[in-house]
Amino acid sequence: MSAILVVDDIPAMAQQYAYDLKRVGGYEGLVADSGRAALDLLEREAVDCVILDLEMPGMDGFEVLRAMQRRGFRIPVLVYTGTGNYDRCAEAIRLGARSFIDKAEPMERVVQEVEHALEQERLAGQVAVLRSRSIPRHRSWVRAPRCRSSRTRSGASRRSRARS
């Protein structure tokens, strides 16, 4: 079961989201009521995806994203907002968030976004593993040795062309 961390300064909102994620998507829901609490939880718990509120007192969602980058967390983050300020959501995506959702979205849509983020992360991991396995073994495919045939593409030998 994948663990989803919901970060919101309104505990009732975060708890409801966590409950609905379990009910609709079958995910384990973890809750943090601040950016600092979220980072602490990420240090000690295995989290597969984060749903992050941007508007929080103290450490806001942007600061959480920056801190996650500095600490090397490679966890997909979905930002969610109730303000409808999509310029701020676009800024969050530039800082590494995977996508954004409105707090008013139906939970089925939220679960769909979480599933999509988890699948993208799974596929990225598989690609990285395949690249690490195949590149050293198949470097010869990158540069094929030149053919040492005495014939050119037209079929004439190089010597006969030089004589003409």
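The values are calculated or read from the model by the stated rules, or taken from the named source; none is laboratory data. Since this is a predicted model, take the numbers as computed values, not measurements. Reconstructed Cβ throughout: ideal geometry from the backbone, glycine too, with neighbour counts over all protein chains shown.
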Would you mind finding the one in 53, 33, 48 that is in contact (Cβ under 8 Å) with a residue 60 or more places away in the chain and either surrounded by 12 or more Cβ atoms within 10 Å (Cβ to Cβ) or more than 19 Å from residue 11 (Cα to Cα) (or both)?
-> 48
Among (1) surrounded by 14 or more Cβ atoms within 10 Å (Cβ to Cβ); (2) under 12 Å from the mean Cα position of the chain (by Cα); (3) not aromatic (Phe, Trp, Tyr), where does residue 101 come up short?
-> (2)
Take the range 63-90 and flag every residue that is surrounded by fewer than 19 Cβ atoms within 10 Å (Cβ to Cβ), within 18 Å of the chain's Cα centre (by Cα) and of a type outside the set (D, E, K, R).
-> 67, 69, 72, 73, 75, 90
Give just the number: which of (1) at pLDDT below 85; (2) within 26 Å of residue 3 (Cβ to Cβ); (3) not in a helix (DSSP H, G or I) does residue 146 not satisfy?
-> (2)
Considering each of 110, 127, 114, 79 in turn, give the residue that is more than 25 Å from residue 25 (Cα to Cα) and of a type in the set (A, V, I, L, M).
-> 127
Could you say which residue among 47, 24, 7, 77 is in contact with a Lys or Arg (Cβ under 8 Å, 6 or more places away or on another chain), closer than 21 Å to residue 107 by Cα and hydrophobic (A, V, I, L, M, F, W, C)?
-> 77
Within the range 57-69, can one find any residue that is within 20 Å of residue 114 (Cβ to Cβ) and touching a residue at least 60 places away in the same chain (Cβ under 8 Å)?
-> no
Residues of the range 66-103 satisfying the condition of being closer than 21 Å to residue 40 by Cβ and part of a strand (DSSP E or B) | 77, 78, 79, 80
